[in-house]
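Colleague: For reference, the structure I am asking about is given below.
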Amino acid sequence: MLRRILERAIPLTSASFIGLPKPLNSLLIGAARPATSSGDPVADDDGGDGGEDDPFSFPDHHHQQLPPDVAQGVDAVVAAAEAKASNAADAARALERCGAEASEPLVVAALARLRNSCGAAHAAFRWATAQSGYAPGRRASHSMLAILAKHRRFDDARALLDEMRRASTASPAAVLLLIRRHCAARDVAGAVATFRALPSFGFHPGVAEFHGLLSALCRYKNVQDAEHLLMSSQKEFPFETKSFNIVLNGWCNIICSVREAKRFWSAMQNLGIDRDVLSYGSMISCFSKSGSLDSVMKLFNRMKEAGIAADRKVYNAVVFALAKGRCVDEAKMLVQTMEEKKVAPDTATYNSLIGPLCKARQVQEAMEMFDAMLQRGLSPSVRTFHALLNVARSPIEVFDLLDKMKELYCDPEMDTYIMLIRKFCRWKQHESVEKLWSAMPANGLRPDRSAYIVLIHGLFLNGRLEAAAKYYEEMKDKGFSPEKKTEEMIQAWLAGKELAKASASVRSKGGSVSLRLPRK
């Protein structure tokens, strides 16, 4: 049955397909600078603007991009703010003595480096706004708003948004950023209230803003609330395909519930909502992720019968389903079909092949796809390397792949380091853990709370107790709150250490010692 469905889905013109370009040695092939897209093989496109804090991403401002005096000022501000991050008053005094002069480039660059430490970033921003002759511009204000919202400092974020309104630096995108972070905190009421407050900032909540709210709700798994809002807002925002596609994608690619996706798909039909290539793409992606290859191919054929031409996202989802279902030859043939239909394969297409091959431990075939990808002039994404790093079998292989990332201008992300720290801790490769940790700043990254927690747990479980305690104190000094489990683990060890020290002291004096642990 599946074979007949595959034959219908993949035209016979591809039967003569002789394979992808012959792979070359990946270490000898150069490639262009990678695109900024994640290369997700089954993209979770919810109709939003991109990443969770878009359009206020934080490019790392390397010193060669700033005048020397500004670069030195950034270093001074960051050092002062980080040293006293846990105490706002101390941080303010340290910043006053740092000797830097506030300017928009300096503040933006400093906030980019301090983005993982909200207290330090807020102290630096407040120091800058208090300087005579400087008023924060839109970029600096938006950057600070993004940091406050990310760390769920909503009262401070709302106060800053009011300041931005008075300074005419507010924008609908800034309000949407705050809405997204409310959604991330599962604060649906706060997100809707912020949306309703748009007129107070001088903006009319139109269809685009409504779609932004629906997208934000869905992105952070509040899909049921998004569906309720969609259905109850028909008078204000009449039903249209795009609104329904946002919610459908939420069920398909965020919640990944085949049952709910089918229900909502039927609701669209019952309400007379036209289904387009994005609608089909979401459903095919959902079936693809669930491993239902038969359903993927049936819906793919139904879409073609309805006269709807597949786009790249649809093809990528089908390629992913085929590769995941061990139909690698058919997946390669479909890539050829894409080209015949003038739909150029992209990085995500190859990720759709590489990811499943790595999960199936077919590492050699995955590397062949990687080489073929480079030969076509496509740039690997971080996702590509994550798949390959996951199946690396030794520190040498890991560092070879990291060198390859550097060669191809594909910068590691914090998730890359967290994954590799876990891997090296499992391998008991403590020197490699230290090497990775010290390499973060060179890639414009500063450890966040998650990185510290993973490192501390890994070191502790490997018996590196002194090192774990050192990083625990460093994490707290930077203003990050430890997990309860981490706190209990370190405190229990410290209490045992103190007890052992007291016991040794008493024994040396010929006395006895109480075995009661000290109170917390």
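Colleague: For ARG383, work out the one condition from (1) open to solvent by 30 Å² or more (accessible area, probe 1.4 Å); (2) out of contact with any Gly (no Cβ under 7 Å at 6 or more places or on another chain) it doesn't fulfil.
Modeller: Result: ARG383 passes all but (2).
Colleague: Write out, first by first residue and then by second, each pair whose Cβ atoms fall under 9 Å of each other, whose residues are 6+ apart or on separate chains, and whose first residue, in segment 191-206, is at positive phi while the second is modelled with pLDDT of 90 or more and among the basic types (Lys, Arg).
Modeller: GLY202/ARG165
Colleague: Count, please, the residues in segment 204-239 that happen to be within 25 Å of the chain's Cα centre (by Cα), surrounded by fewer than 18 Cβ atoms within 10 Å (Cβ to Cβ) and among the basic types (Lys, Arg). Outline the logic, then answer.
Modeller: Here is the first cut: in segment 204-239, the residues within 25 Å of the chain's Cα centre (by Cα) are 208-227.
Now drop any that are not surrounded by fewer than 18 Cβ atoms within 10 Å (Cβ to Cβ), which leaves 208, 221, 224.
Going one step further and asking which of them are among the basic types (Lys, Arg), we end up with 221.
Result for segment 204-239: 1.
Colleague: Kindly list the number of the only condition in (1) surrounded by 20 or more Cβ atoms within 10 Å (Cβ to Cβ); (2) among the hydrophobic types (A, V, I, L, M, F, W, C); (3) not in a helix (DSSP H, G or I) that fails for LEU388.
Modeller: Failed condition: (3).
Colleague: Kindly indicate which of VAL247, VAL319, VAL314, VAL296 is within 21 Å of GLU365 (Cα to Cα) and either part of a helix (DSSP H, G or I) or under 23 Å from the mean Cα position of the chain (by Cα) (or both).
Modeller: Values: VAL247 fails: within 21 Å of GLU365 (Cα to Cα); VAL314 fails: within 21 Å of GLU365 (Cα to Cα); VAL296 fails: within 21 Å of GLU365 (Cα to Cα).
Step by step, each of VAL247, VAL319, VAL314, VAL296 is checked, and only VAL319 is within 21 Å of GLU365 (Cα to Cα) and either part of a helix (DSSP H, G or I) or under 23 Å from the mean Cα position of the chain (by Cα) (or both).
Colleague: Let me ask something else about it. Tell me, which helices (runs of 4 or more DSSP H) wholly within segment 129-203 include 2 or more residues that are among the β-branched types (Val, Ile, Thr) and either surrounded by 17 or more Cβ atoms within 10 Å (Cβ to Cβ) or in contact with a His (Cβ under 8 Å, 6 or more places away or on another chain) (or both)?
Modeller: On the way: elements: 138-150, 154-166, 172-184, 188-196.
Fully inside segment 129-203 and qualifying: 172-184, 188-196.
Colleague: Please go through segment 237-282 and pick out each residue that is among the small types (Gly, Ala, Ser) and at positive phi. Show your work before the answer.
Modeller: Filtering segment 237-282 down to residues among the small types (Gly, Ala, Ser) leaves 243, 250, 257, 261, 266-267, 272, 279, 281-282.
Scanning segment 237-282 gives a single hit, GLY272.
The values are calculated or read from the model by the stated rules, or taken from the named source; none is laboratory data. Owing to the predicted nature of the structure, the values given are computational and were not obtained by experimental measurement. No Cβ is skipped: glycine too gets one built from the backbone with ideal geometry, and neighbour counts run over all protein chains shown. Side chains are part of the model used for accessible areas, which takes the heavy atoms of the whole protein and leaves out ligands, DNA and RNA. Shrake-Rupley method; radii C 1.70, N 1.55, O 1.52, S 1.80 Å.
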